[in-house]
Each structure stands twice: as C-alpha cells, then as structure tokens.
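Each remark here refers to the structure printed beneath this line.
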Amino acid sequence: MNYLSLFLNTVLIDNVILVHFFGFCPLLGVTTKKKSAFGMGLAVIFVVIGSSAITWSLYRFILKPLKLEYLELVTFILVIASFVQFIEMFLKKFIPSLYKALGIFLPLITTNCAVLYATMQNISKGYRFTETMVNALGISVGFFLVVYVFATIREKLQKADTPRSFKGNPIALIVTALMALAFSGLAGLV
Amino acid sequence: MKKPNFWQSLILENPLFIQYLGVCAVLGVTTSLDNALGMSVIVLIVLLCSNVLISALRKFIPNEIRIPVFIVVIATFVSVAEMLVKAFAPILYDNMGSFIALVVVNCIILGRAEACASKSTIGESAKDALVQGLGYAIAQFSMSIIRSFFGNGGWSLSNPFTGKQIFELTILPESLRLGFFTKAMGGFLTFGILAALFTGYKNRWDDARKEELKQERIKAALKMKAEREAAKAAKLAAEQKAKEEAEKAANTPAEVAA
C-alpha cells in the first residue's frame with residue numbers, strides 16, 4: 001500500500017472517530033467552541049505522532065528482543081502519560097502562548113483512546129517505521145477533521161430549537177450518526 | 001429534600017447516559033448481548049479492584065504524579081483481565097478484539113479514581129465502584145438490546161467459556177433488518193435517543209425537586225410571617241398591659257391622696 005492511499009484511508013474511510021468510535025469522549029467534551037476544538041485537534045496530532053514514534057521504537061528494539069510483548073499495554077500507556085506530562089512541562093517553559101492556548105486539553109489526551117489505539121494499531125498491523133508515521137499522521141488528522149467539522153455544526157446547533165430532553169449531548173450524538181452516514185459514502189474512494 | 005434510592009441513582013447518575021463517560025467502548029461492543037455482558041463484567045471488576053487499591057494507596061501517592069500512577073494501576077488490572085479472558089474465554093476475546101485493552105483509557109475508571117477513590121475510604125470507594133459499574137452495565141444492556149433487535153433481528157446469548165449457545169430468539173425476518181444498527185452510525189443513533197430518554201427522566205426528577213424546594217420555601221416564609229405577627233401581637237398586648245398597669249399605678253396614689 002503506498003503512503004498516500006494509507007493516509008487517505010485512515011483520514012476519510014477508516015476514520016478513528018466515526019468508524020472506530022475511539023476518541024469520542026473529547027469529541028463531546030470540547031466541541032462546544034470552534035477554538036477549543038482546534039486546540040484539542042492540534043494537541044492530538046502532536047501527541048499521536050510523538051508517542052507513535054516512541055512506542056514503535058520501544059516495541060521493536062526493547063520489548064520484542066526481550067520477549068516481553070505482554071507488557072505492551074502497560075508500557076504504551078505509561079509512555080503516553082509521561083509524554084503528555086513532558087510536553088506539558090516543555091510548553092509551559094518554552095512556548096507559554098501555545099501552552100495557554102491548549103490549556104486543559106493537554107492532560108486530557110492521556111485518556112483519549114485515539115492515541116492508545118493508534119500506537120497499538122501500528123504494532124498489530126506490523127507497520128514499518130515510515131508507515132507508522134503516516135498512519136499516526138492519518139489517524140490524528142482524521143481526528144482533527146471530525147472534531148473541527150463537528151464543532152462548527154454544534155455552534156449552529158446551539159441556536160436551534162430542540163426538545164428539552166435532546167438539548168446538548170443527545171442531539172449532538174444524533175448529528176454524529178448522520179456525519180458517520182455521510183462519511184460512509186466515501187468508502188469506495190481508495 | 002428527597003434522596004434518590006439505589007435504583008433511581010442508577011438512572012440519575014448513570015455514567016454513560018448522564019455523565020457521558022466511557023462512551024467509546026460501549027459503542028464498539030454493544031452490537032451483541034455477549035459482548036455487552038463481557039464488557040460489563042470486565043469493567044465492573046477492574047473498576048472495583050482499581051478503586052479499592054487506589055483508595056488504599058491514596059495517602060502515599062504524591063499529588064503531582066497521581067494521574068500516571070492511577071493509569072499504571074488500572075493498566076495492570078486490565079492486562080490481567082485481558083490475559084484471563086484470552087486464556088479462559090477465547091471466543092469472547094476474538095469478538096471483543098482491542099476493546100478489552102482499551103478499558104485502560106475508559107474514562108469511568110480514571111474518573112472514579114480521581115473523583116472518589118483518591119479522597120474516600122476503601123468501603124466508600126468499593127460501593128461507588130459497584131453503583132457506577134452496575135449503571136454502566138444497565139446502559140450497555142439497553143443499548144445492545146436495541147441494536148441487536150434492529151441489526152440482527154433478535155437476541156442470542158452464549159456461554160462465554162465454551163461458546164455454546166444458551167438461547168436464541170429471532171423476531172424480525174431478514175428483509176426487515178437494518179444492517180446499519182450494528183455499525184457505527186446505528187450506535188450513535190441509539191445512544192442519542194437513549195441518552196435523551198435518560199435525560200428526560202432526570203429533568204422530571206430535577207423539576208420535582210425544584211418544585212419541592214419552592215413549596216418548602218413558601219411554607220417556611222409563611223411560618224416566619226405568622227411567627228412575626230404573633231410576636232408583634234404579643235408585644236402589643238404586653239405594651240397595652242404595661243400601660244394599663246402604669247395608669248393604675250398613677251391613679252392609685254391620686255386616690256390615696258384624695
């Protein structure tokens with residue numbers, strides 16, 4: 001599979017949120033404003049690519065030679081959690097403006113299943129390093145795309161007159177269902 | 001103020017439909033009753049273990065690194081659960097795929113560790129884990145019952161250890177089934193509608209409580225008013241009496257003098 005089709009496939013067809021449901025909690029949490037959705041999307045792109053590179057190397061050069069594959073889960077989540085913490089400290093010290101813009105979303109990424117899903121998929125599909133990078137980029141850009149589009153829809157939705165029980169998250173879920181339906185129309189693209 | 005009883009709190013504080021925690025896994029596994037049952041049991045056990053352990057360790061965990069510590073505790077229990085399922089219920093493991101591993105990042109478990117276990121005693125944390133785990137299980141079953149009905153035309157349940165079917169019930173014929181209910185969009189749709197139902201119940205409950213509070217306030221205000229009036233009347237009466245006595249006292253010496 002060449003890199004372009006792998007990228008398009010992960011962004012549009014095998015979309016991490018709309019097809020695999022991963023990263024759904026932040027989708028509901030942060031998409032009430034376009035600006036925060038943008039910040040969250042950027043932070044996720046950053047963390048997914050970084051932690052994919054680290055976990056892939058760890059698995060390939062340490063866990064596999066030592067036959068410790070069963071520690072995959074614990075290692076990966078620890079890498080993600082400390083990577084997020086590290087980035088937080090780094091940004092706070094050197095790029096405070098970006099740190100302020102990302103705010104609370106950075107620590108929240110630890111529990112974003114999209115990140116863990118991306119790192120584990122790199123291993124289970126047996127990707128090489130370059131493919132891992134493309135896959136990580138595709139997954140995170142797919143996340144960014146859906147979160148941002150969803151936030152723009154939701155800003156309009158707040159003005160709509162929905163029944164009281166459906167206000168807020170329930171109607172947002174139904175909108176997601178329609179979005180997933182629309183995205184499934186792209187299935188024949190690659 | 002009325003407190004919700006156990007069953008009501010399962011609905012009113014439902015982790016899934018009211019708090020929107022642990023959504024990803026639910027959408028993925030509720031395509032059949034088997035997977036929903038497996039997921040419910042795994043989450044309940046991991047939640048119970050991690051809540052109890054974190055609560056026991058809460059005085060030793062430094063505040064700055066508590067999130068990584070919680071995650072490691074949870075990841076350990078999930079790894080154990082994953083290996084046990086793989087060994088004893090391989091069919092369930094194949095069906096659920098990567099969703100067992102992703103229990104690690106299930107927001108319910110980390111959320112309860114942060115909100116409850118890091119602050120309360122072991123007993124309270126265990127009780128909290130049971131309530132939340134059961135609420136999660138109820139939510140998963142209601143989702144999977146609806147999705148399995150429209151997507152597969154009925155329900156079936158099999159023994160997770162041997163893979164032998166326990167019962168099967170098919171109602172909808174093949175031509176009436178809606179395949180997209182077992183896919184992502186059906187999951188979102190079912191979730192949205194059920195969440196609206198639960199929110200509706202919660203709204204009614206909140207309204208009733210508000211009404212109760214209002215009535216109580218009115219009653220209290222009326223009572224205060226009545227008390228104030230009684231006090232005023234008593235004061236008036238006392239003043240009247242004092243006046244009369246003073247007059248009497250003023251008159252007496254005059255009479256004596258006369």
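Among the residues that make up the range A:174-187, is at least one of them more than 30 Å from B:I18 (Cα to Cα) and within 12 Å of chain B (Cβ to nearest Cβ)?
So far as the range A:174-187 goes, yes, one or more of its residues are more than 30 Å from B:I18 (Cα to Cα) and within 12 Å of chain B (Cβ to nearest Cβ).
So for the range A:142-155 (the condition being hydroxyl-bearing (S, T, Y) and without any contact (Cβ under 8 Å) to a residue 12 or more places away in the chain), does at least one residue qualify?
Within the range A:142-155, not a single residue is hydroxyl-bearing (S, T, Y) and without any contact (Cβ under 8 Å) to a residue 12 or more places away in the chain.
Surrounded by fewer than 18 Cβ atoms within 10 Å (Cβ to Cβ) and under 16 Å from the mean Cα position of the chain (by Cα): is that true of B:L130 in this structure? Before the answer, list the steps.
On the way: surrounded by fewer than 18 Cβ atoms within 10 Å (Cβ to Cβ): yes; under 16 Å from the mean Cα position of the chain (by Cα): yes.
Answer is yes for this residue.
Has the range A:74-95 got at least one residue that is assigned to a loop (DSSP other than H, G, I, E, B), more than 24 Å from B:V80 (Cα to Cα) and either in contact with a Lys or Arg (Cβ under 9 Å, 6 or more places away or on another chain) or of a type in the set (A, V, I, L, M, F, W, C) (or both)?
If we filter the range A:74-95 for residues that are assigned to a loop (DSSP other than H, G, I, E, B), which is where we start, we get A:95.
Retained after the next criterion (residues that are more than 24 Å from B:V80 (Cα to Cα)): A:95.
In the following step, the residues that additionally are either in contact with a Lys or Arg (Cβ under 9 Å, 6 or more places away or on another chain) or of a type in the set (A, V, I, L, M, F, W, C) (or both) were identified as A:95.
Looking through the range A:74-95, at least one residue is assigned to a loop (DSSP other than H, G, I, E, B), more than 24 Å from B:V80 (Cα to Cα) and either in contact with a Lys or Arg (Cβ under 9 Å, 6 or more places away or on another chain) or of a type in the set (A, V, I, L, M, F, W, C) (or both).
Does B:P4 count as in a loop (DSSP other than H, G, I, E, B), under 18 Å from the mean Cα position of the chain (by Cα), away from chain A (no Cβ under 13 Å) and not small (G, A, S)?
Taking the combined requirement at face value, the residue satisfies it.
Restricted to the range A:53-82, and to residues that are touching an Asp or Glu at 6+ places or on another chain (Cβ under 9 Å) and surrounded by 19 or more Cβ atoms within 10 Å (Cβ to Cβ), which residue is modelled with the lowest pLDDT?
The extreme case among them is A:L73.
Per-residue answers, yes or no, for (1) more than 25 Å from B:G186 (Cβ to Cβ); (2) within 12 Å of the chain's Cα centre (by Cα); (3) in contact (Cβ under 8 Å) with a residue 60 or more places away in the chain:
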site	(1), (2), (3)
A:T10	no, yes, yes
A:G41	yes, yes, yes
A:I54	yes, no, no
A:L63	yes, no, no
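Any idea which of (1) over 28 Å from the mean Cα position of the chain (by Cα); (2) closer than 28 Å to B:N106 by Cβ is the one B:R147 doesn't satisfy?
B:R147 satisfies every listed condition except (1).
If I filter the range B:131-143 for residues that are away from chain A (no Cβ under 14 Å) and modelled with pLDDT under 85, do I get at least one hit?
no
When you scan the range A:105-137, how many residues do you find that are away from chain B (no Cβ under 13 Å) and under 21 Å from A:L28 (Cα atoms)?
So the answer is 1.
Mind checking which residues of the range B:175-197 are touching a residue at least 24 places away in the same chain (Cβ under 8 Å) and crowded, with 20+ Cβ neighbours inside 10 Å?
Within the range B:175-197, B:A184, B:G186, B:G187, B:F188, B:T190, B:F191, B:A195 meet the criteria.
Before we move on, is B:S55 among the small types (G, A, S), in contact with a Ser or Thr (Cβ under 9 Å, 6 or more places away or on another chain) and modelled with pLDDT of 85 or more?
yes
B:P15: more than 14 Å from chain A (Cβ to nearest Cβ) and outside any helix (DSSP H, G or I), yes or no?
When the stated conditions are applied, B:P15 does not pass them.
Give the residues of the range B:205-214 that are within 17 Å of B:Q19 (Cα to Cα) and loosely packed, with under 15 Cβ neighbours inside 10 Å, sorted by residue number.
B:D206
Is it fair to say A:I87 is within 14 Å of another protein chain (Cβ to nearest Cβ), touching a Ser or Thr at 6+ places or on another chain (Cβ under 8 Å) and surrounded by 15 or more Cβ atoms within 10 Å (Cβ to Cβ)?
Here the answer is no, as A:I87 does not meet what is asked.
Condition check: away from every other protein chain (no Cβ under 14 Å) and exposed (fewer than 11 other Cβ atoms within 10 Å of the Cβ). Does B:A220 satisfy that?
yes
Which members of the range B:175-200 meet the condition of being more than 9 Å from chain A (Cβ to nearest Cβ), out of contact with any Gly (no Cβ under 7 Å at 6 or more places or on another chain) and of a type outside the set (A, V, I, L, M, F, W, C)?
Within the range B:175-200, B:S175 is the sole residue that qualifies.
Of all the residues that make up the range B:48-94, how many are polar (S, T, N, Q) and either loosely packed, with under 14 Cβ neighbours inside 10 Å or more than 14 Å from chain A (Cβ to nearest Cβ) (or both)?
Going through the range B:48-94 one residue at a time, the tally reaches 3.
Sort through B:G22, B:G28, B:G97, B:G38 and tell me the only one that's on the phi > 0 side of the Ramachandran plot and either surrounded by fewer than 24 Cβ atoms within 10 Å (Cβ to Cβ) or more than 20 Å from the chain's Cα centre (by Cα) (or both).
On the way: B:G22 fails: either surrounded by fewer than 24 Cβ atoms within 10 Å (Cβ to Cβ) or more than 20 Å from the chain's Cα centre (by Cα) (or both); B:G28 fails: on the phi > 0 side of the Ramachandran plot; B:G38 fails: on the phi > 0 side of the Ramachandran plot.
Just one listed residue meets the conditions, B:G97.
The values are calculated or read from the model by the stated rules, or taken from the named source; none is laboratory data. What you see is a predicted model; the values in this text were computed from it and never measured. Heads up, the Cβs are rebuilt from the backbone with ideal geometry, glycines too, and the neighbour counts pull from every protein chain shown.
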